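Down below is the structure, laid out as structure tokens.
The values are calculated or read from the model by the stated rules, or taken from the named source; none is laboratory data. None of the values given here were measured: they were computed from a predicted structure. Here Cβ is always computed from backbone atoms with ideal geometry, including for glycine, and neighbour counts include all displayed protein chains.
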């Protein structure tokens, strides 16, 4: 039966008065006070009602305190056992979660109850609703200005072992064979070969842990052949093909192996492992975490896209809130994260007017669409070094984007725009005698020298010119502040090393940790204001 109390209803007598005035004052000056007064009532407990009957059955644990428990666990980076212990015995937790009584019904929670709530949050994506509603509440309380924001990503790791290619093959094959043995024993016994039985042996790791570097290619080829044999053996068995471990094996073969016809033996295939550089970045990294990806720069795992508010005016300090968080596999490119972040914040009335990001986010398409669709100015340096010769930014353009002067001060004979690009024609006499002709982008064509440029080149030219200004540098210097946020994110919540696996579970944990960071920042902001007022 669904059970949730009204947290807005006060108490006749303060149940925490026994702490005394000094300890109670310390409690009210900590994160527990803002959690109790602002966060707890804003939690979306009604979204859990569908899992419980309104009248029948044993009453559930109080839902506000259970959702609060999920936030506090990630905020403090605790194991399940430690989180349950703090719920039952830590005074700050009980104050924050509004658990005043000492009875088992109020103050006791089991690990199974914790696991059930986490399952609901993860499978239904309720953690996203929690983050959005609580962040909205904090923004209203502290009157957060969303006009200026910055975006960056941080690499995180799930609770999986980092495997080399040989270990990846052996672990995936072993997982399939063990599942086959448990679910379809007759098919497993038909394999017969001792080679396959050795994979499920407890000493299986020893077979591949001492492979010499000179034998790596040969060992990988043998593993690839075993993988291909198993896939072919059960290709017509629908029950075996429906097993998740078989699908992982199929994915492994597609990612890591090649199959070519044997010219000497018709009808047969030559199976080999791909060279390292041909393995895609979204390939399987570990059979225990099939959602993880690979980044050549950061390694295996996931990455979190984080967008936060900031205040460039140091005279008027404002609370900095994380407004958007998105977890994705490590192989995803940052350029594809900018527009979804703006779409998400725009839907929640939190979109920025000015967004700072590094060069990976600042493609010309992103900058143009951000301005057109969300009225957001994206400030991000262009990728790549400037060319040694002249570019469009060295030419003088009028208000209609037509060239009026070349870098050497010569006027074009004509500038036309037949379709989607401009064509500027310069006098042959001017260009042929120009000392900078070798550095100029014009090309000789019949009786004139021509220069073709389009709207994208114009946009890039204007951005490069803007990057050289003092005003751009003065504004863009605040982008570096998000690096401190990433450090704080990990130091306070342990986001870079999680205790869970899988995209859904990792997303839930990282999102609740971001919410926890917002709460800790809010508590610190209140404390700093009180100190400043007292001074």
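Below, the figures for the structure above:
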read-out: Any hit, the stretch 450-471, residues being over 26 Å from residue 335 (Cβ atoms), touching a helix residue (DSSP H, G or I) at 6+ places or on another chain (Cβ under 8 Å) and either at pLDDT 90 or above or not in a strand (DSSP E or B) (or both); value: no
read-out: Flag for residue 410 being part of a loop (DSSP other than H, G, I, E, B) and farther than 26 Å from residue 140 by Cα; value: yes
read-out: Failed item in (1) modelled with pLDDT of 90 or more; (2) farther than 24 Å from residue 146 by Cβ, with residue 391 passing the rest; value: (1)
read-out: Flag for residue 78 being in a helix (DSSP H, G or I) and touching a helix residue (DSSP H, G or I) at 6+ places or on another chain (Cβ under 8 Å); value: no
read-out: Listing of strands (runs of 3 or more DSSP E) fully contained in the stretch 290-363 that carry 2 or more residues being in contact with a helix residue (DSSP H, G or I) (Cβ under 6 Å, 6 or more places away or on another chain); value: 299-309, 322-329
read-out: All positions within the stretch 416-430 that are crowded, with 18+ Cβ neighbours inside 10 Å and modelled with pLDDT under 90; value: 430
read-out: Hits in the stretch 170-186 (condition: touching a helix residue (DSSP H, G or I) at 6+ places or on another chain (Cβ under 7 Å), assigned to a helix (DSSP H, G or I) and under 15 Å from residue 246 (Cβ atoms)); value: 172, 173, 174, 175, 176, 177, 178, 179, 180, 181
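Yes/no matrix, rows are residues, columns are (1) touching a residue at least 24 places away in the same chain (Cβ under 8 Å); (2) surrounded by fewer than 16 Cβ atoms within 10 Å (Cβ to Cβ); (3) out of contact with any strand residue (DSSP E or B) (no Cβ under 9 Å at 6 or more places or on another chain); (4) on the phi < 0 side of the Ramachandran plot:
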position	(1), (2), (3), (4)
5	yes, yes, yes, yes
21	no, yes, yes, yes
29	yes, yes, yes, yes
33	yes, no, yes, yes
37	no, yes, yes, yes
40	yes, no, yes, yes
57	yes, yes, yes, no
60	yes, no, yes, yes
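For (1) out of contact with any helix residue (DSSP H, G or I) (no Cβ under 8 Å at 6 or more places or on another chain); (2) surrounded by fewer than 16 Cβ atoms within 10 Å (Cβ to Cβ); (3) outside any loop (DSSP other than H, G, I, E, B); (4) touching a residue at least 60 places away in the same chain (Cβ under 8 Å), each residue gets a yes or a no:
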residue	(1), (2), (3), (4)
122	no, no, yes, yes
128	no, no, yes, yes
132	yes, no, yes, yes
154	no, no, yes, yes
188	no, no, yes, no
